[in-house]
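J.: What follows is a single structure, and I will ask about it in a moment.
We did not get these values from a lab; they are worked out from the coordinates using the rules stated. Predicted model, so just to flag it, every value in this text is computed and none were measured. A quick note on method: Cβ atoms are made from the backbone with ideal geometry, for glycine too, and the neighbour counts reach across all protein chains shown.
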Amino acid sequence: MQVGSFGPLVFRVSDSEVFTPQDFRRRRTAQFAEHAVVDGLARLQHLGTSLAEIGFKVQLDHTFTDVQARLGEVDALIDAGDHHALAIAGRRLGRFVLTESAEKAKSMAPGRVLWVELELKFKEYN
């Protein structure tokens, strides 16, 4: 079953493949300018909101997915720098770019990685 996607990268879970987001985080912030006032407190002016940032982890286990192929797909997306629609758990989050991936190898064998914790970070594309 598909649980989300980012362009060509499809997050799914089935009896033969597990590639699903965990520890989902979304961050939005308000932007303010601060104006100094003579003999008084400064005043804030709301300028709008910043671009949303999203991050989550994905466990890559060789038993349930081709670890090297998935890492290659992620690297290609970062290298291309293209924006795509990001959807997780049936929720369309908007258009984003993949800005960062961090791999933490948990288990390795000669010549290959068996299990990786992959952290992905996205930034809203406006």
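J.: Roughly how many nanometres apart are two label points built 7 Å out from the Cα toward the Cβ at VAL10 and LEU114?
T.: 2.9 nm
J.: Still on this model: Which aspartates and glutamates have a Cα lying under 16 Å from the Cα of LYS106, excluding residues fewer than 8 positions away in the same chain?
T.: The qualifying aspartates and glutamates are ASP61, ASP66, GLU117, GLU119.
J.: Using the Cβ atoms and a cut-off under 14 Å, what net charge is assigned to the surroundings of PRO8, where Lys and Arg are +1 and Asp and Glu are -1?
T.: Working: positive: ARG12, ARG70; negative: GLU73, ASP75, ASP79, ASP82.
The answer is -2.
J.: Do the sum for the chain: with -39,500 (n - 2.57) for every DSSP H run of n ≥ 4, divided by all residues, what is the mean residue ellipticity at 222 nm, to the nearest 500 deg cm²/dmol?
T.: Working: 1 runs with 14 residues, N = 126.
Roughly -3500 deg cm²/dmol at 222 nm, from the helical runs in the chain.
J.: Please determine, in degrees from 0 to 90 and to the nearest 10, the orientation of helix 67-80 with respect to the longest principal axis defined by the Cα atoms of the chain, where the helix direction is its Cα long axis.
T.: Orientation of helix 67-80: about 40 degrees from the principal axis.
J.: Using a Förster radius of 22 Å, what is the FRET efficiency between HIS46 and TYR125 based on their Cβ-Cβ separation? Nearest 0.05, please. Please list the in-between numbers first.
T.: Values: r = 23 Å, r/R0 = 1.04.
Efficiency, from the Cβ-Cβ distance: 0.45.
J.: Relative contact order for the chain: what is it in percent, counting Cα pairs under 8 Å that are at least 6 residues apart?
T.: Details: 257 pairs, mean separation 32.0, N = 126.
Value for the chain: 25 percent.
J.: To continue, here is another question. In debye, nearest 20, what is the charge dipole magnitude of segment 34-95 about its Cα centre with +1 on Lys and Arg Cβ and -1 on Asp and Glu Cβ, if you could check? Could the numbers behind the result be given before it?
T.: On the way: 6 positive and 9 negative charges, 72 e Å.
That gives a dipole near 340 debye.
J.: Full extension from PHE32 to GLU100: what is 0.36 nm times the residue separation minus their Cα-Cα distance, to one decimal in nm?
T.: Values: separation 68, 0.36 × 68 = 24.48 nm, distance 2.66 nm.
Gain in length upon complete extension: 21.8 nm.
J.: What is the sum of charges around ASP61, taking Lys and Arg as +1, Asp and Glu as -1, for the other residues whose C-beta is under 15 Å from the C-beta of ASP61? Mind showing how you got there, number by number?
T.: Details: positive: ARG12, LYS57, ARG70, LYS104, LYS106, ARG112; negative: ASP15, GLU17, ASP66, GLU103, GLU117.
Residues near ASP61 contribute +1 overall.
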